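Since the structure comes first, as structure tokens, the remarks are kept for the end.
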Amino acid sequence: MITALTWISVILALVIVLVVAYHLVGVFVALKRGADHLEALAGGLVKVRDDTAPLNARVDTINAGLAALVAPLLGANGNLAAIVAVATGKQP
């Protein structure tokens, strides 16, 4: 009887160890895939940063040009609003 219980205990312990090992391997594989994807993402982000670095000076130039256009565009907007008011009969 003791021998049978010993064998059952050993087999049960072996099954538990195998199930835990199987799940640990699954966790390892999932973490490895995640790490590979993150590495690829980091490489892509570095490429985007490097490719867009020359745009910084150009964006500042474009922004300065657009800032100079604000006053004339607002004036044109006022003129267009006056034309619409006259055309619809709602004079200010």
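Looking at Ala64, Ala57, Ala76, which one is over 36 Å from the mean Cα position of the chain (by Cα) and in a helix (DSSP H, G or I)?
On the way: Ala64 fails: over 36 Å from the mean Cα position of the chain (by Cα); Ala57 fails: over 36 Å from the mean Cα position of the chain (by Cα).
Among Ala64, Ala57, Ala76, only Ala76 is over 36 Å from the mean Cα position of the chain (by Cα) and in a helix (DSSP H, G or I).
Please go through region 1-17 and give me each residue that is loosely packed, with under 10 Cβ neighbours inside 10 Å and either part of a helix (DSSP H, G or I) or touching a residue at least 24 places away in the same chain (Cβ under 8 Å) (or both), ordered by number. Please lay out each step first, then the result.
Initial filter on region 1-17 (loosely packed, with under 10 Cβ neighbours inside 10 Å): 1-5.
Listed by number, the residues that qualify are Ile2, Thr3, Ala4, Leu5.
Every read-out reported here was derived from the displayed coordinates using simple, explicitly stated rules and does not represent laboratory data. Note that the coordinates shown come from a computational prediction; the quantities given were computed from them, not determined experimentally. Glycine also receives a Cβ, built like all others from the backbone with ideal geometry; neighbour counts cover every protein chain displayed.
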